[in-house]
1. Among the aspartates and glutamates, select those whose C-alpha is under 15 Å from the C-alpha of Lys219, and discard any that sit fewer than 8 residues away in the same chain.
2. If one puts a single equal scatterer on every Cα of segment 6-111 and applies the Debye formula without solvent, what log₁₀ I(q)/I(0) results at q = 0.10, 0.11, 0.14, 0.17 Å⁻¹?
3. Can you give the helix-only mean residue ellipticity at 222 nm for the chain, where every DSSP H stretch with n ≥ 4 adds -39500 (n - 2.57) and the sum goes over all residues, rounded to the nearest 500 deg cm²/dmol?
4. Hey, can you grab everything whose amide H is under 5 Å from the amide H of Ala17? Only 5+ residues off in sequence or another chain; H modelled, so Pro and N-termini drop out.
5. Can you grab the distance from the C-alpha centre of segment 89-117 to the C-alpha centre of segment 213-261, Å, no decimals?
6. Just subtract the alpha-carbon distance of Leu258 and Ser228 from 0.36 nm times their residue separation and send over the number in nm, one decimal.
7. Using a 10 Å Cβ count of at most 13 others and DSSP loop calls, identify the longest part of the chain lacking such trypsin sites (Lys or Arg not before Pro).
8. Give a residue-ordered list of calculated ³J(HN,Hα) values for segment 34-51 (Karplus: 6.51 cos²θ - 1.76 cosθ + 1.60, θ = phi - 60°; whole Hz; x for Gly, Pro).
Amino acid sequence: MVQVDRQVELSVTFYQAAKHSRGTILFCPGLGATQVGFASDAVFFAEQGYDCVTVDLRGFGESSRPPQLTLEQYSLERLALDIIAILDGTKLRTINFVGNSLGGVIGLEIIRLRPNALTSLVTFGTTYQLDIPGWMVSIQNVTSYLLGRKALAYFVAKSSSRHQHTREIVREMFSSFPNDIGRLVSMNVGQYDYRSIAGKWNRPILLLTGDNDRGINQKLAPTLAALSDKPAFHYQMIPNAGHFANLDNPRGFRQALLNFL
């Protein structure tokens, strides 16, 4: 556990490089997911010579939650500051940040707060601009609450992947989904725009997307239009993969990262 402020400890797992370190990869999960979803990737990249770090966001997985739940406690800034606290506390350097969905947005927020904290950014299942009406966010939160954890885990698993092994991992991660925290996060991430920040950042960015991730892919056009001329921006589609591309097609996902890094 790593203390990130006076009230919260994050569950963090470190994987040491099998040979002379080529740098560090920090894997950040999305809303409702945990570091379980990145465990096999961390083992693989440690064998390739990278120190790897996986983390549970505050209130998810094995991480603790603040005693009082407020919107501020689950703002994008707060979530990004938690990751920055890990970097500062462990003296990690040469950080290649890999984020899925909300995890990718947290990476973008880190760039906004501290541009020099990261060496490169990889996102998948992430759009850099989003504008969901407040009433729609409310409906989504009510639906999640009414479904309950078991039904929600089943729904997310089935809708996000066509692969049985991925669905099993997703159900495991979402079986402990905290609706009270999920509601706060959803209220904070319904509207954001990091296109300008990403465009001005002078370090490499890789935007990956699964070819079956329809919910994200239909929202990517504004992001791609804004960043397509950025020299250090790279875009790649992972075949036979959905929102959790690393689980659906680990070989394609890992090869894309190796080529980029």
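What follows is calculated from the coordinates using simple rules that are stated; it is not laboratory data. As the structure is a prediction and not an experimental result, all values here were calculated from the model. Counting neighbours? That spans all protein chains shown, and the Cβs are built from the backbone with ideal geometry, glycine included.
1. Partners found: Asp131, Asp193, Asp211.
2. Reported log10 I(q)/I(0), two decimals: -0.26, -0.31, -0.50, -0.74.
3. On the way: 11 runs with 116 residues, N = 261.
Rounded to the nearest 500, it is -13500 deg cm²/dmol.
4. Amide H neighbours of Ala17: Asp51, Cys52.
5. 17
6. Result for the pair: 8.7 nm of gain on full extension.
7. Answer from the scan: 163-261.
8. In residue order, the calculated couplings are 9, 5, 4, x, 10, 4, 5, 5, 4, 4, 4, 6, 5, 5, 8, x, 10, 5 Hz.
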